[in-house]
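In what follows, a structure is listed as C-alpha cells, so that the remarks can point back to it.
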Amino acid sequence: MTTRRTLMVASGAAFLSWDAVIRTAHAQTPPGIIVMAKQIDDMITLDPAESFEYTGGELCGNVYQKLTTTPNDNPSRLTGDLAESWTASEDAKTFTFRLKAGQKFASGKEVTAEDVVYSLQRVVALNKSPAFIINQFGFTKDNMAQTIRATDPRTVVLTTAEPTATSFLLYCLSAAVGSILEKAVVSARAQNDDWGNGWMKQNSAGSGPYRIVSWRASEAVTLEANPNAANPAATRRIIIRHVADPSAQLLGLQRGDYDIARNLASDQIKGVSGDNRYTVVSQRKASLLYVAMNQKNPILAKPQVRQAIKMAIDYEGIQRNIVPSNYAVHQSFLPEGLPGALTEKPFKLDVAAAKRLLAEAGHPDGFECSFDFFSGAPVGDIAQAVQANLAAIGIRPRMLPGEMRAVITKTRARQHDLALLRWGSDYFDPHSNAEAFSINPDNGDDARNKTLAWRSGWDIPELTARTIAAVRETDTEKRIDMYEALQRDHQQNSPFAVMLQEVEVAVTRNAVRGLQIGVLSDRTNYAAIAKA
Amino acid sequence: MLKARLGALAATVASIPITLLGLALVTFFIGRVVPIDPVLAVVGDRAPADVVERARIELGLDQPLYVQFGRYLGDILTGNLGRSVMTSNSVWEDITRFFPATFELATLAILVAAILGIGLGVLAATRQGSWVDQAVRVFCLAGHSLPVFVLALISLLVFYAWLGWLPGPGRQGIIYQDMVETRTGLLTLDAALAGDWPAFWDAVAHLIQPAGVLAFFSLAYIARMTRAFMLAELRSEYVTTARAKGLSRSRIVWRHAFRNTAVPLVTVIFLTYAGLLEGAVLTETIFAWPGLGQYLTVSLLNADMNAVLGATLVVGLIYVALNLLADLLYRLMDPRTR
C-alpha cells in the first residue's frame, strides 16, 4: 500500500537521482579532455588538399606537419617543420629539402621523402581549390613526376618552372595545403583516381600533435593526441563542439561545460575580460574588411571620389563603438602579422576635405549608388555606420544586405557599386594578398583571372607588372621593400578602402593554458593546451 | 459505402507523388534562381578559373535547366539524393543523422504541448471569464508572442546557468559522447537499447529544455484552439440537454463536448507536429541541436542545393504523411465523413 512516507521517500530518491544526472552533466570537463565551443559549420572537408575554410585549416594545422612553418611568436620567421634544412640552386629553380630524422605519423611509421612527394603530387593531381598555392610554381599533373621527386629517403627535390624567391616557395609550402600525409594509409583508401580524397574528407593520416577521431558535421569534432608526435600534445583529447550561438557559448563557459569559447561577441568579451576566472587570448588575423568601389561606375572611377570616400569613413569611431574587441583599424592590403605589412594609417575622418574632393570631382551634392554587404553581425552594423559616414558628405548609398555568398556572387559579376567585403589571406606570403588586390592582367568581362582588382574593374597594367616583379624578386629584403611601396601606392590610388583587420579572441577558463591563435587559421595551435 | 471510402483514400494516396513532384520542381527552380553561384559552395571564392569551370561541369550546371531537373529527378527515383557539399556525406546519410534528432525533440515537444495545451484549453473554456481563464490566456499569449529564441535564451539562463537544474546545449554530455552505439539515431532509445541508463538519463536531461521551449510555443496555440472549439461546443443545444438531464459536469465536458472538439483538434495537433518536424531552426541553433532545421538552413545559406532539395523533399513528405494521417483519423472520428 502506498503511504505518505513511501511517497516522500520515492520523491527524495527521484530528486537525488536527477541531481546525480545533472551533476554528471554539469561537472567540470573531465581531466585530460579539453572541450572547446566553436562555430564549425563552415568546415566541408578535412582533406588538406581540399580544405580551404577556417575551421578545416585550423584542424589540418594540428593534425599535419608541413615541410616548413612560421612560429606564432615571430610569424615572419621561416623554420623547418618536417624539413631540417633546404638549399636553392643558383638559378633559383631547384630546391632541395633534407628531412628531420625521427618524425613519426600517428601510426608510428617514420615520415619519409616518399610521403612528402606523394602528398605534394596528390595536391597537384587532385587540383582542388587550394591547389593553386602549390601549382603556381609550375607543377602540373604531367610534369609532377619530374618536378617533385625524392632522391633518397630523407631528401626531396622540387623544381619550379620559373626562378622563384625562396621565401615565396617556403611560405607557400607552409600553408595547410602543403600538409604531409602518410602515403601507405591514404593510398590504401584510394578509390578510382581520387587519391584517397573520399576517405580523407573525414579522416586523418598525419604526423601532427593530434589525429582525428571523428567529425560529425555541425555537431562535433574529436581529436586525440598522436602518441608518436615529435611535438607531443599536452592534452589527451580535445572535443570541439559546434555551438552556433555566442550566448550559449558564454553560458557553457561560465558553467564549466566548456574550457574554451571561440566565438564570443564584443560585448561578451568585454564582460569577462576583467574577471579573473577567465583568460582572454587574442591575435590579429590575416583577414581584412574593406569597401570595394566598382570602377565600372563612372562616378566611382574618379580619383577624387575614391579619395573622398576613404576620407569620409570614421575608421576609429567604427572600431571603437562597434567592434572594440574583434577588429583593429588597418588600412593596407597586407594585414599586420604578414611579412611586409604596412601599418601606416593615412586616412582618418575629415568631412570637410572629403566634401571638397567631391566638389572637385563635379559632385558637390553627392550622388546615389548601391551598397552591398553581408547582413550578419557585425558587418551589417559596420555597413550602417559607413552609410551614415557617406551620407555626411552627400553620398546616398542604397543599402543592399545579403548573404555572404550572394554578395560575393554579385561582386564576381561586377554588378555592385560599393560593397563591404571580407578577405582572408590564403597563405603566409605577401603575394597572397598582393595578387588579389593589385593584379589584374585582363580587365575584360570574360577574363579568367577574377582577382579583387578585376572584380572592381580596376585596370592596372603598371601595378600588375610591379606586383609580378615583387613575387619574382629573390632578394628577400628587396622584396619586402617592393611590397611596402606597392601598399603605399595602393592606399592612395586603389578603389579599396581597407578599414579593419579582424582580431580573433578566444576566452578560456583560467585553469586552461597554452592556446595559441595564429595569424592564419592553420597556425592556431592546440599542442600546448592544458588545464591545471 | 466501403467502396467510396476506399476510393477517397486512393485519391489521397495518389496525390502524394504529384505533390512531391511539384515540391521538387518548385524547390529545384528556386534553387537555381537564387542569386548565389552554387559553384562557390563547392570550390570557394579563391579557386582558379579552371577549377571553377571543372566544378561547374561536374555539377551539370553547364546543361539547360530542364536537363538538370530531369537528371535530378532520375537520381531521386533511384534513391540518390546526391552528395552534400557542406558535410561531404550523401544527403540521405545526412538526413538519417539529422532527422532523428529533430524527431526526438519534436515528438516530446508535441506530446507535452498536446497534453498541457488541451488541458489548459478545456480548463479555460469551462471557466470562461474567470481568473483561471485570464491566467491561461496570459500564459498562452506569452508562449505565442515571445520569440522562440528569447524563450530559449531565458530557459538556458534560468534552468542551466542560474539554477543548474538542467544541462546546457547539445544532445549529450561530454562523457557520453561516442559511447552509445547508433542504431536508430534517437539517443534516448539507443541508450535504452544498449542498457546504458546513465547515458539515457543524460539524453533525457538534454532534451528537456529545447523540448520544453518548443512545447511552450506550441501549447499556446493548441490551448487557444481547444478553448475556442470547446466554447462553441459548450454553447450547443445538446450540452444544454445533457445538463437538463442532470449529467455530471465532467461527463458533459469530457464525454460529450470534448469528443466533438477532438476532431478539429487532430488537424491542429498534426499540423503543429509537422511544423516542429520541419525543424525549429532557432531553437536548434541556441541549443546546439544538430537537427534537420539547422541542416536545412546552413545548407541554404551555403547554396548546398543537393542538401536543400533533399531536406525539403523529406519535409514535404512529412507534411503529406501527417496530413494523410490526420485525414484518416478525421474520417475515423467524425461519423459525418463516413
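Any read-out appearing in this document is the output of simple, stated calculations on the displayed coordinates, not a laboratory observation. Predicted model, so just to flag it, every value in this text is computed and none were measured. Neighbour counts run over all protein chains shown; Cβ positions are idealised from the backbone, glycine included.
Side notes on the structure shown:
- Shielding of B:38-47 by partner chains, average beta-carbon count, 10 Å: 6
- In this rough spin-label picture, where each label sits 7 Å from Cα along the Cβ direction, the residue B:115-residue A:234 distance is 4.9 nm.
- Positive-end ranking of A:291, A:226, A:272 along the dipole of the range A:188-304, with charges on Cβ about the Cα centre, is headed by A:291.
- Filter on A:66/A:109; A:355/A:450; A:285/A:410; A:38/A:285 - keep pairs with C-alpha separation over 21 Å: A:355/A:450; A:285/A:410
- Virtual spin-label span in nm between residue A:391 and residue B:241, 7 Å along Cα→Cβ: 6.8 nm
- Residue A:377/residue A:114 FRET efficiency (R0 56 Å; Cβ-Cβ; nearest 0.05): 0.70
- Exposure proxy ranking, count of Cβ atoms within 10 Å, fewest first, for B:133, A:115, A:275: A:275, B:133, A:115
- Computed from the C-beta positions of residue B:15 and residue B:142, the FRET efficiency with R₀ = 41 Å rounds to 0.60.
- Diffusion constant of the range B:2-77 at 20 °C, which comes from Stokes-Einstein with the Kirkwood Cα-pair radius and 1.002 mPa s, µm²/s: 142 µm²/s
- Ordering B:175, A:529 from the fewest to the most neighbouring beta carbons within 10 Å gives B:175, A:529.
- Relative to the Cα centre, the charge distribution of chain A, modelled as +1 at Lys and Arg Cβ and -1 at Asp and Glu Cβ, gives a dipole magnitude of about 1440 debye.
- Student exercise, the range B:92-337 dipole from Lys, Arg, Asp, Glu Cβ charges, in Debye to nearest 20: 1640 debye
- Look at where the Cα atoms of the range B:91-155 and of the range A:498-513 average out, and the two centres are 39 Å apart.
- Per-residue mean of foreign Cβ neighbours for A:212-225 is 4 (Cβ atoms of other chains, 10 Å radius).
- Shape call, the protein assembly as shown: gyration tensor on alpha carbons, a/c limit 1.5: prolate
- Once the convex hull of all Cα atoms in the range B:193-338 is built, its volume per residue stands at 173 Å³.
- In chain A, excluding the sites themselves, the longest stretch lacking any of the GluC sites (Glu not before Pro) that are in a DSSP loop with at most 13 other Cβ atoms within 10 Å is A:91-343.
- Across the options B:55, B:68, B:44, the greatest Cα extent toward the positive end of the charge dipole of the range B:2-77 (unit charges at beta carbon of Lys, Arg, Asp, Glu) belongs to B:68.
- Label positions at residue A:96 and residue B:132, each projected 7 Å from the Cα along the C-beta direction, are separated by 9.4 nm.
- Rounded to the nearest 20, the size of the Cβ-charge dipole of the range A:121-279 about its Cα centre is 260 debye, with Lys and Arg at +1 and Asp and Glu at -1.
- Positive-end ranking of A:415, A:321, A:111 along the dipole of the protein assembly as shown, with charges on Cβ about the Cα centre, is headed by A:321.
- Relative intensity, log₁₀ I(q)/I(0), of the range A:54-200 from a Debye sum that treats every alpha carbon as a point, q = 0.10, 0.12 Å⁻¹: -0.31, -0.46
- Computed FRET value (nearest 0.05) for residue A:155 with residue A:190, which takes r as the C-beta separation and R₀ as 25 Å: 0.45
- Projected onto their three principal axes, the Cα atoms of the range B:92-337 cover extents of 63, 43, 38 Å, largest first.
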